[in-house]
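Chemist: Below are the structure tokens for one structure; questions will follow.
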Amino acid sequence: MSKAAIIQTGQSYTFADYFKLNYEPEDILGYFGYTFQPQALELSKTDQPLERLQDLKQRLEESLPYLSLTSETARREFLIAPVLMELIHYTHARLRVEYPLTVNDQLKGTLDYYLQSEHQLLVIEAKNADLQRGFTQLAVELIAIDLWSPSETPLLYGAVSMGNIWQFGILHRETKQIVQDINLYRVPADLEDLLRILVTMLQDRG
């Protein structure tokens with residue numbers, strides 16, 4: 001498939017537009033010169049104490065049976081936001097919500113949640129609870145950050161979330177490869193693993 005058939009030269013695209021494109025991730029990312037690789041990742045988990053973890057898990061377990069999560073607003077406010085607030089508590093990362101970013105006419109839009117500490121972490125919500133298309137959008141946004149950010153950190157971390165399910169991705173800047181972790185993390189069942197991975201992504205100096 002030719003690049004022109006996927007991305008129309010001269011046409012303007014927002015990040016959200018890539019969610020709608022009916023093409024494989026490797027084809028879309030290949031247009032920008034990046035490769036795509038799904039694989040099972042062994043993601044590092046911090047061993048630091050997470051003293052508020054059980055309280056958050058208990059609150060989620062008590063609340064979820066009474067919450068309707070059919071709307072994107074509900075998933076963002078009651079599932080994604082509480083996890084990110086805990087993440088800020090442990091890492092003191094700066095969080096920007098709906099952060100506008102423009103690299104060029106084909107890489108522009110708003111980032112749902114953009115966190116900065118020792119490393120950068122992008123979290124987006126999977127619209128329409130579609131995790132695969134959400135990951136494609138995440139990958140394109142990571143490419144935009146790669147081209148825009150002056151940071152020399154070799155890895156850019158990202159996660160796409162439906163609220164109750166999270167999936168990670170890593171952009172390797174030197175090789176221009178985006179790896180999709182085929183493992184999924186459930187909330188609240190896998191909350192501890194999820195938080196320990198997120199904390200490590202923002203604090204790791206390796």
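Chemist: Just to be sure I understand, how many residues within segment 12-31 are in contact (Cβ under 8 Å) with a residue 40 or more places away in the chain, part of a loop (DSSP other than H, G, I, E, B) and open to solvent by 40 Å² or more (accessible area, probe 1.4 Å)?
Modeler: Residues in segment 12-31 being in contact (Cβ under 8 Å) with a residue 40 or more places away in the chain, part of a loop (DSSP other than H, G, I, E, B) and open to solvent by 40 Å² or more (accessible area, probe 1.4 Å): 2 in total.
Chemist: A follow-up question, please. Out of the residues in segment 160-193 that are touching a residue at least 60 places away in the same chain (Cβ under 8 Å) and of a type in the set (Asp, Glu), which is nearest to residue 127 (Cα to Cα)?
Modeler: 181
Chemist: Which of the numbered conditions does residue 112 fail, given that it passes all the others? Conditions: (1) within 19 Å of residue 189 (Cβ to Cβ); (2) of a type outside the set (Val, Ile, Thr); (3) within 15 Å of the chain's Cα centre (by Cα).
Modeler: It fails just one condition, (1).
Chemist: Only one of (1) under 14 Å from the mean Cα position of the chain (by Cα); (2) buried (at least 16 other Cβ atoms within 10 Å of the Cβ); (3) within 20 Å of residue 77 (Cβ to Cβ) fails for residue 188. Which number is that?
Modeler: Evaluating residue 188 over (1) under 14 Å from the mean Cα position of the chain (by Cα); (2) buried (at least 16 other Cβ atoms within 10 Å of the Cβ); (3) within 20 Å of residue 77 (Cβ to Cβ) leaves (1) as the failure.
Chemist: Taking only segment 162-202 into account, find how many residues are farther than 14 Å from residue 57 by Cα and either modelled with pLDDT under 95 or part of a helix (DSSP H, G or I) (or both).
Modeler: 6
Chemist: Next up: Of the numbered conditions (1) assigned to a helix (DSSP H, G or I); (2) out of contact with any Gly (no Cβ under 8 Å at 6 or more places or on another chain); (3) of a type outside the set (D, E, K, R), residue 138 satisfies every one except a single condition; which is it?
Modeler: So residue 138 meets the others, but not (2).
Chemist: Follow-up. Take residues that are open to solvent by less than 90 Å² (accessible area, probe 1.4 Å), within 24 Å of residue 146 (Cβ to Cβ) and modelled with pLDDT of 95 or more and tell me which of the helices (runs of 4 or more DSSP H) falling wholly in segment 50-120 contain 3 or more.
Modeler: Passing ranges, in order: 81-91.
Chemist: Continuing with the same structure: Identify, please: which residue in segment 169-182 is of a type in the set (S, T, N, Q) and within 14 Å of residue 25 (Cα to Cα) and is, among those, surrounded by the fewest Cβ atoms within 10 Å (Cβ to Cβ)?
Modeler: Top of the filtered list is 177.
Chemist: Which pairs do you get when a residue that is without any contact (Cβ under 8 Å) to a residue 12 or more places away in the chain, found in segment 113-124, comes within reach of a residue that is buried (at least 22 other Cβ atoms within 10 Å of the Cβ) and of a type in the set (Asp, Glu), reach meaning Cβ atoms under 9 angstrom, with the pair 6+ apart or on two chains?
Modeler: Filtered contacts from segment 113-124: no entries.
Chemist: Quick one: count up the residues across segment 79-111 that are touching a helix residue (DSSP H, G or I) at 6+ places or on another chain (Cβ under 7 Å) and of a type in the set (Phe, Trp, Tyr).
Modeler: 1
Chemist: Next up: Hey, among the residues in segment 122-168 that are open to solvent by 30 Å² or more (accessible area, probe 1.4 Å) and of a type in the set (S, T, N, Q), which one's nearest to residue 81 (Cα to Cα)?
Modeler: Only one residue fits best here, namely 164.
Chemist: Moving on to the next point. Please specify each residue of segment 32-49 satisfying the condition of being in a loop (DSSP other than H, G, I, E, B), within 21 Å of the chain's Cα centre (by Cα) and under 28 Å from residue 189 (Cα atoms).
Modeler: Selection gives 40, 41, 42, 43, 44, 45, 46.
The values are calculated or read from the model by the stated rules, or taken from the named source; none is laboratory data. The structure presented is a predicted model; accordingly, all values stated were derived computationally and were not measured. In this analysis, Cβ positions are derived from the backbone assuming ideal geometry, glycine residues included, and neighbour counts consider all displayed protein chains. When the accessible area is computed, the model is the full protein with side chains, heavy atoms only, and any ligands, DNA or RNA have been set aside. Shrake-Rupley method; radii C 1.70, N 1.55, O 1.52, S 1.80 Å.
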